[in-house]
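Peer 1: Below: one structure in structure tokens.
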Amino acid sequence: MLQIIAETPFANQLRLTESYDWVIAILLLSCFLYVFMLSSLHRGINIKRFLMQDITDASNVVITWVIVSFAYCLSVAALISQYVPTVPRFLSLPEVLGLQFNKFGFTFLCLILFYMGKAALSYLFYQSVGFSRRWNSFCFTATRFYFVLSLIIMGLCIGHYYFPIDKSEALVYYILFFGIVFIFKVLFYIFHKNHILPNEWYYKFLYICTLQFIPIMALWKMLFF
């Protein structure tokens with residue numbers, strides 16, 4: 001018996017639409033944290049007043065810094081986690097209640113440990129150079145910087161996951177964006193009116209090299225190599 005198979009240029013293909021509900025959940029959590037922070041910790045002030053606030057009028061400086069840092073790590077992890085090539089085997093194998101680390105979890109964990117370590121080293125640096133009196137001022141100023149940056153990154157997350165962009169091409173622009181942000185942050189810290197860095201130029205140089213540039217290189221290697 002002969003079988004006749006007709007070849008056509010069309011083929012039935014199963015297309016799976018990737019769900020990005022987890023991105024919305026992360027952004028909503030970050031927004032909830034900011035609403036709680038502004039309404040409860042800062043007595044209901046708006047974003048403009050929060051950014052323009054003087055350090056003498058600020059309250060709950062350290063708690064605010066922790067909340068902004070947490071939301072910032074969430075948003076950055078959501079944006080760059082899909083570019084991370086792999087999750088280390090020692091993290092991907094163990095399961096707790098049926099859950100295990102994915103790329104987002106690994107990236108978020110790295111960012112949290114990175115900024116916790118960086119904060120601890122920065123505090124030790126301020127103590128060692130006799131500039132501990134400006135530590136609260138440093139936390140206050142850095143919080144405002146990362147608050148604005150996290151809002152920008154949340155917008156980038158929406159564009160990245162919900163608009164038709166070439167994600168491989170977008171990576172180049174993200175790297176350029178974070179490079180510009182790094183340079184701006186260094187200048188922001190150096191020339192800010194609150195004088196959050198030591199006055200001596202060699203302490204400024206030491207801080208930028210050991211607590212800004214080198215840690216970023218270590219984080220890059222940890223995530224992408």
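Peer 1: Condition first: open to solvent by less than 20 Å² (accessible area, probe 1.4 Å) and either more than 14 Å from LEU219 (Cα to Cα) or out of contact with any helix residue (DSSP H, G or I) (no Cβ under 8 Å at 6 or more places or on another chain) (or both). Now tell me which residues in segment 73-89 satisfy that.
Peer 2: Scanning segment 73-89 gives LEU74, SER75, ALA78, LEU79.
Peer 1: Right, next: Which residues, taken from segment 41-61, are in a helix (DSSP H, G or I) and surrounded by 12 or more Cβ atoms within 10 Å (Cβ to Cβ)?
Peer 2: Of everything in segment 41-61, those that are in a helix (DSSP H, G or I) and surrounded by 12 or more Cβ atoms within 10 Å (Cβ to Cβ) turn out to be LEU41, ILE47, ARG49, PHE50, LEU51, ILE55, VAL61.
Peer 1: Here's a follow-up. Would you call ALA120 of a type in the set (Gly, Ala, Ser) and closer than 22 Å to VAL61 by Cβ?
Peer 2: Taking the combined requirement at face value, the residue satisfies it.
Peer 1: Also, I was wondering about something else. Please work out if SER59 is at pLDDT 80 or above, among the small types (Gly, Ala, Ser) and closer than 30 Å to LYS193 by Cα.
Peer 2: For SER59, the condition - at pLDDT 80 or above, among the small types (Gly, Ala, Ser) and closer than 30 Å to LYS193 by Cα - is met.
Peer 1: Moving on to the next point. Take the residues in segment 62-105 that are in a loop (DSSP other than H, G, I, E, B) and of a type in the set (A, V, I, L, M, F, W, C); name whichever of them is modelled with the lowest pLDDT.
Peer 2: LEU97
Peer 1: Which residue pairs have Cβ atoms under 6 Å apart, sit 6 or more places apart or on different chains, and have a first residue in segment 205-225 that is under 15 Å from TYR115 (Cβ atoms) and part of a helix (DSSP H, G or I) and a second that is modelled with pLDDT of 90 or more and not hydrophobic (A, V, I, L, M, F, W, C)?
Peer 2: LEU211/SER122; PRO215/LYS118
Peer 1: If you go through segment 121-141, how many residues are assigned to a helix (DSSP H, G or I), open to solvent by 30 Å² or more (accessible area, probe 1.4 Å) and over 26 Å from PHE50 (Cβ atoms)?
Peer 2: So the count comes out to 4.
Peer 1: Any idea how many residues of segment 120-177 are under 21 Å from the mean Cα position of the chain (by Cα) and of a type in the set (D, E, K, R)?
Peer 2: 3
Peer 1: Do you know which residues across segment 191-204 are within 25 Å of ALA58 (Cβ to Cβ) and assigned to a loop (DSSP other than H, G, I, E, B)?
Peer 2: Once the filter is applied, which keeps residues that are within 25 Å of ALA58 (Cβ to Cβ) and assigned to a loop (DSSP other than H, G, I, E, B), segment 191-204 yields HIS192, LYS193, ASN194, HIS195, ILE196, LEU197, PRO198, ASN199.
Peer 1: In segment 1-35, what count of residues is obtained for those that are modelled with pLDDT of 95 or more and either open to solvent by 100 Å² or more (accessible area, probe 1.4 Å) or more than 26 Å from TYR162 (Cα to Cα) (or both)?
Peer 2: 2
Peer 1: Determine which member of the set PHE182, PHE188, PHE177, PHE108 is outside any loop (DSSP other than H, G, I, E, B), touching a Cys at 6+ places or on another chain (Cβ under 9 Å) and surrounded by 12 or more Cβ atoms within 10 Å (Cβ to Cβ).
Peer 2: PHE108
The values are calculated or read from the model by the stated rules, or taken from the named source; none is laboratory data. All of these numbers come straight from a predicted model, not from anything done at the bench. Ideal geometry is used to build each Cβ from the backbone, glycine not excepted, and the neighbour counts take in all protein chains shown. Keep in mind that these areas ignore ligands, DNA and RNA; they rest on the heavy atoms of the full protein, side chains included. Shrake-Rupley method; radii C 1.70, N 1.55, O 1.52, S 1.80 Å.
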